[in-house]
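Have a look at the structure below before the remarks.
Just so it is clear, none of the values below were taken in a lab; they were calculated from the coordinates. Note that the structure is a prediction, hence the values are computed from the model and not measured. Positions of Cβ are generated from backbone atoms using ideal geometry, with glycine treated the same way; all protein chains shown enter the neighbour counts.
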């Protein structure tokens, strides 16, 4: 016996073929529909929006690379960060000289006090030099004396006048100066006698400012907190305390209005 099957297919003339459809027009069209996935832009996950653990013991885990929080001194000279060690002190085991010297100027002490500026008209921090190598003069009305100021608190500079802390601003903000209290170069012997209300006049190539003393304290020889950046124009004077090598006189003065 032979079975024969015959199949016939009849196309409905109302059925639409693929060629009958067009894309790119109409209300339902999506921009870029049908684009090759091989040309799609890669998607980079946002680490701050990922589904991460937030339970209590997650605090013991280190943060992912590049994710930080808090006051991180990534720019050591930024005026918006406190870049001093905890408490504003330099550990004594660093064996730094009393006034910092080249260690502070080079930044090896990790104490950075100068604000982040690129010498703009709005904020001047870089010293400008006179022909004799000085960067300014300090006039003390109380003793009617003028002292030359040199860049850097090195012993050579303190032997001929006052030294400007290279880690502080040379004009705007907090200007830090150091000098000897005794000996043949006792240019800062007057500091211990200053009282609130005494005036100091500082002159540089930027101009002249008069400051009034508002504080005199004795601080630890490694305490540099008085030299931190200040938005207000201030003058900070540091000198030794006679027979007390671990202390320094610290005089703070603010600009007169």
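Observations
- Modelled label reach - residue 185, point 7 Å along Cα→Cβ, region 157-172 residues with backbone N closer than 19 Å: 157-167
- Ranked 154, 215, criterion: other C-beta atoms within 10 Å, fewest first: 215, 154
- Cβ-to-Cβ counts within 10 Å put 241, 175, 149, 213 in ascending order as 241, 213, 149, 175, the fewest first.
- With the biggest extent put first, the Cα atoms of region 150-257 measure 37, 27, 22 Å across the principal axes.
- Spacing of the two label points (7 Å from each Cα toward its C-beta) at residue 205 and residue 225, in nm: 3.6
- Annotation: the residues 139, 150, sorted from fewest to most other C-beta atoms within 10 Å of their own C-beta, follow the order 139, 150.
- Under the criterion of Cα pairs below 8 Å and six or more residues apart, the relative contact order for region 128-251 equals 24 percent.
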